[in-house]
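In what follows, a structure is listed as structure tokens, so that the remarks can point back to it.
The values are calculated or read from the model by the stated rules, or taken from the named source; none is laboratory data. Remember, it's a predicted structure, so these values are computed and weren't measured experimentally. A quick note on method: Cβ atoms are made from the backbone with ideal geometry, for glycine too, and the neighbour counts reach across all protein chains shown. These accessible areas exclude ligands, DNA and RNA; they are computed on the full protein's heavy atoms, side chains included. Shrake-Rupley method; radii C 1.70, N 1.55, O 1.52, S 1.80 Å.
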Amino acid sequence: MIRVGLGIDIHPWAAGRPLILGGVEIPSERGLLGHSDADVLTHAVAEALLGALGLGDLGQNFPDTDPRYRGIRSLILLREVLGLVRARGGRVQNVDSTLIAQAPRLSEWLDPMKKALAQALEVPVDRVSVKAKSPEGMGVLGREEGMAALAVVGVEVGGDG
Ligand code: MG
């Protein structure tokens, strides 16, 4: 059977931080604030994977009170989540995701993000979708207070599920 997972994440902007999205560093004068590298897209994908198997959220699995996770590359967290999924017999089928950001322009970075996420998840790149959506100036995201990401994943689990 296929189990579907949903992940949502949001981080505030912060000056003087790198902007890492889907494991890719995007040229930017500011980045996102967070305990790890604040990779909002990778966090959404990881939470979707955890959600597909009912394994809680990222904070429960990788507490931000644990110094081991300070500044950690989120692709490494995603690899750990993949290990949890596989340990339960799960096989990642596909990922669909959307970044919601007023700025910067992300269109040229979507393919590199897909490749990095696909590599981390050990699936062909055509199983991973990354899109970007402008909030059209509305709300906290439109006022550029932060960036959000949504992800859904399909995970196949063994025969009698
Ligand atoms: Mg996060």
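Values for this structure:
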{"quantity": "Enumeration of residues in segment 76-120 that are within 12 Å of the chain's Cα centre (by Cα), crowded, with 21+ Cβ neighbours inside 10 Å and of a type in the set (A, V, I, L, M)", "calculated": "L77, L78, V81, V95, L99, M113, A116, L117, A120"}
{"quantity": "Count of residues meeting criterion [open to solvent by less than 50 Å² (accessible area, probe 1.4 Å) and either within 17 Å of G90 (Cβ to Cβ) or touching a strand residue (DSSP E or B) at 6+ places or on another chain (Cβ under 8 Å) (or both)] in segment 62-75", "calculated": "1"}
{"quantity": "Candidates A38, A48, filtered to the one that is assigned to a loop (DSSP other than H, G, I, E, B), open to solvent by less than 20 Å² (accessible area, probe 1.4 Å) and either over 18 Å from V155 (Cβ atoms) or touching a residue at least 40 places away in the same chain (Cβ under 8 Å) (or both)", "calculated": "A38"}
{"quantity": "Some residue of segment 84-91 being more than 25 Å from V157 (Cβ to Cβ) and either within 14 Å of the ligand (Cβ to nearest atom) or touching a Leu at 6+ places or on another chain (Cβ under 9 Å) (or both)", "calculated": "no"}
{"quantity": "Residues (more than 15 Å from the ligand (Cβ to nearest atom) and open to solvent by 50 Å² or more (accessible area, probe 1.4 Å)) located in segment 2-17", "calculated": "I2, R3, V4, A15, G16"}
{"quantity": "Qualifying residue in segment 52-61 (condition: crowded, with 17+ Cβ neighbours inside 10 Å and touching a strand residue (DSSP E or B) at 6+ places or on another chain (Cβ under 7 Å))", "calculated": "yes"}
{"quantity": "Residue in segment 74-83 that is more than 19 Å from K131 (Cβ to Cβ), in a helix (DSSP H, G or I) and either aromatic (F, W, Y) or out of contact with any helix residue (DSSP H, G or I) (no Cβ under 9 Å at 6 or more places or on another chain) (or both) present", "calculated": "yes"}
{"quantity": "Pairs with Cβ under 6 Å, 6+ apart, first in segment 1-28 and without any contact (Cβ under 8 Å) to a residue 40 or more places away in the chain and part of a loop (DSSP other than H, G, I, E, B), second among the charged types (D, E, K, R) and surrounded by fewer than 17 Cβ atoms within 10 Å (Cβ to Cβ)", "calculated": "P18/E25"}
{"quantity": "Of the criteria (1) part of a helix (DSSP H, G or I); (2) over 26 Å from M1 (Cα atoms), which one R86 fails", "calculated": "(2)"}
